[in-house]
Amino acid sequence: MTVDDAKYISNHLSATEQKLFFSMDVADQCHSLRTAYAIERYAIEGKAGVDREFLIRCALLHDVGRKKGDMSISGKVLAVLAMEFFPMLGEWMERRGSQLIYIYKHHAELSGKKLQEIGLFREAKIVAKHHSPPSPNDPKELKLLRLADEKS
Ligand SMILES: [Fe+2]
Ligand SMILES: [Fe+2]
């Protein structure tokens, strides 16, 4: 993380929000920053009518359901592989009480809960759905967040 990244975070997040941001693993912090930078590009590229500051907050905080030490990099890779390519293995792991799969599948809701706890109700609504299957009624902020997340 560079000095500019640190400045960017303090420009866009309050002290309480930063606490949540820094509760994530460094890898997740970097991913969330990349997501915010991607959002900046999309928001600038003629997507009128989106609340840019709101979306940047959503991007920086969308994965706070994953705390430091919840998942190692290898655990994350394993959980993603299991759920994406071997869903039956993933489901078996979940039934066996695998925390990896639980966090992978539910971190969006967990992130939403944490944001609610600090009063970010509007952000919580979008963030809680960032891994839900797309629906035609999704607000454009959610669509943009998903797009930026995928590319980051
Ligand atoms: Fe996520
Ligand atoms: Fe993400």
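Brief remarks follow.
- Residues satisfying the stated conditions in the stretch 84-93, i.e. at pLDDT 75 or above and part of a helix (DSSP H, G or I): Glu84, Phe85, Pro87, Met88, Leu89, Glu91, Trp92
- Of the helices (runs of 4 or more DSSP H) that lie entirely inside the stretch 1-66, those containing 1 or more residues that are in contact with a Phe, Trp or Tyr (Cβ under 8 Å, 6 or more places away or on another chain) span 3-12, 26-44, 52-61.
- Verdict on Arg146 being surrounded by 15 or more Cβ atoms within 10 Å (Cβ to Cβ) and among the basic types (Lys, Arg): yes
- Test: residue in the stretch 97-114 that is modelled with pLDDT under 75 and outside any helix (DSSP H, G or I): yes
The values are calculated or read from the model by the stated rules, or taken from the named source; none is laboratory data. Keep in mind the model is a prediction, meaning the values are calculated, not measured. Cβ: placed from backbone, ideal geometry, glycine included. Neighbour counts: every protein chain shown.
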